[in-house]
Amino acid sequence: MLRNLATSTTSPFLKFMSAPLAKRMKSTKIIGTHSGTFHCDEALAVFMLRQTDEFKDADVVRTRDGAKLEPLDIVVDVGGVYSPEKHRYDHHQRGFSEVFGHGGFDKIKLSSAGLVYKHFGKHIIAKRLGVDESDPNVELLWFQLYSELIESVDAIDNGVNITSSGSPNYAIRTDLSSRIKRVNPNWNEPADDATYDARFEIASKITGEEFLSQLDYFTQAWLPARSIVASAIASRLEVDPSGAIVKFPQSAPWKDHLFSIEPTLPAAPSQILYVLYPEGDAPGSKWRIQCVPQNPDSFENRKSLPEAWRGVRDEKLSEVAGIKGCTFCHASGFIGGADSYEGVFEMAKKALEA
């Protein structure tokens, strides 16, 4: 439920505040945030708070009036104060410099979403998984979800460019922050406080669906892949003494895990350059060879497949590569395939020598 404060002395808020203390203590918690145009960060912050035990089913008050914010249980994205002890989570005040500060995430100042996630994220994740916050997977997921979702919300709300210099090569308008921006009433659409409040609830629901969708993916698909990747990396010298080739028994999300596990490994003759995996689970499935990128989000590879193979397919590729059963090599040289494991292994060996 969202409470509109732009009403008279009969408003639910004022009735709540005039009630006896004992009754108020038993009442629903109230989250405060600012009125008017809303943004992704506070919409997501409110959703996350409602996933906690303390603020489950909380009402929301949207106002910029400090006197009305002061008695509320928690306030996000307004008020000019960051004080976890007082449940105040604003980031707009002069001198604010809080960053996530864990897992190497120390470059982007937090928005209200990042602040709430920093202090409540582990509780939310543990509750979703049905485990204690001390479970090591909770911290792993806490880092991953910050990296994949929350950090971008923080950056966009704080005006941090996606490129360090120059203009972006293309625009992205399907990100969560852009989607939430479009939920606001249009400039030429009549809208009062009640309209903005109703749209805010829609926005909070949208951010919540994205948050839970990503958390469920990382829990149910990404996390189980970690042991597969770790085992394959540990046994890579059995695949090839160079240490440059990793063989996975099945296709699985591997990039994030490889880059987080790799720094912990003892020295090997070569950096990991290629991963091999079957296209499907059926016996006799074709296999793929994929290049390891410079970083998990990069389109640049540590070592691409040979130039002469790129954009060539089937028999022609087998002839050019001198390997039987080749099926394709992408035009950019980041991935290729063959009919069998032996085929992609030979492709990896020849690519190492190229």
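Residue 55 - would you say it is in the same structural domain as residue 154 (by TED's automatic domain parsing), touching a residue at least 24 places away in the same chain (Cβ under 8 Å) and part of a helix (DSSP H, G or I)? Spelling it out, it is not the case that residue 55 is in the same structural domain as residue 154 (by TED's automatic domain parsing), touching a residue at least 24 places away in the same chain (Cβ under 8 Å) and part of a helix (DSSP H, G or I).
The residues in the stretch 287-297 that are touching a residue at least 40 places away in the same chain (Cβ under 8 Å) and either within 18 Å of residue 350 (Cβ to Cβ) or surrounded by fewer than 13 Cβ atoms within 10 Å (Cβ to Cβ) (or both) can be counted, and the count is 5.
Please verify whether residue 206 is modelled with pLDDT of 95 or more, more than 30 Å from residue 292 (Cβ to Cβ) and surrounded by 15 or more Cβ atoms within 10 Å (Cβ to Cβ), treating the condition exactly as stated. Here the answer is yes, as residue 206 does meet what is asked. Taken over the stretch 306-341, the residue count meeting the criterion of being in a helix (DSSP H, G or I) and either among the aliphatic types (A, V, I, L, M) or within 36 Å of the chain's Cα centre (by Cα) (or both) is 7. Can you find a residue in the stretch 224-232 that is under 27 Å from residue 46 (Cβ atoms), in contact with a helix residue (DSSP H, G or I) (Cβ under 8 Å, 6 or more places away or on another chain), of a type in the set (A, V, I, L, M) and surrounded by 19 or more Cβ atoms within 10 Å (Cβ to Cβ)? Within the stretch 224-232, none of the residues are under 27 Å from residue 46 (Cβ atoms), in contact with a helix residue (DSSP H, G or I) (Cβ under 8 Å, 6 or more places away or on another chain), of a type in the set (A, V, I, L, M) and surrounded by 19 or more Cβ atoms within 10 Å (Cβ to Cβ). Each residue in the stretch 127-166 was checked for being part of a helix (DSSP H, G or I), more than 23 Å from residue 37 (Cβ to Cβ) and of a type in the set (A, V, I, L, M, F, W, C), and 7 of them qualify. Of everything in the stretch 320-332, what is touching a strand residue (DSSP E or B) at 6+ places or on another chain (Cβ under 9 Å), more than 16 Å from residue 279 (Cα to Cα) and at pLDDT 95 or above? Give them in sequence order. Passing the criteria: 320, 321, 323, 324. Of all residues in the stretch 59-86, those satisfying the criterion of being surrounded by fewer than 20 Cβ atoms within 10 Å (Cβ to Cβ) and either touching a residue at least 60 places away in the same chain (Cβ under 8 Å) or assigned to a loop (DSSP other than H, G, I, E, B) (or both) are 64, 65, 68, 70, 71, 73, 80, 81. When restricted to residues that are touching an Asp or Glu at 6+ places or on another chain (Cβ under 7 Å) and under 23 Å from residue 217 (Cα atoms), the stretch 252-295 contains 1. Just one residue in the set 115, 129 is surrounded by 22 or more Cβ atoms within 10 Å (Cβ to Cβ) and either of a type outside the set (D, E, K, R) or at pLDDT 95 or above (or both); that residue is 115.
The values are calculated or read from the model by the stated rules, or taken from the named source; none is laboratory data. What you are looking at is a predicted structure, and each value in this text was computed from that prediction instead of being measured. We place every Cβ from the backbone using ideal geometry, glycine too, and count neighbours over all the protein chains shown.
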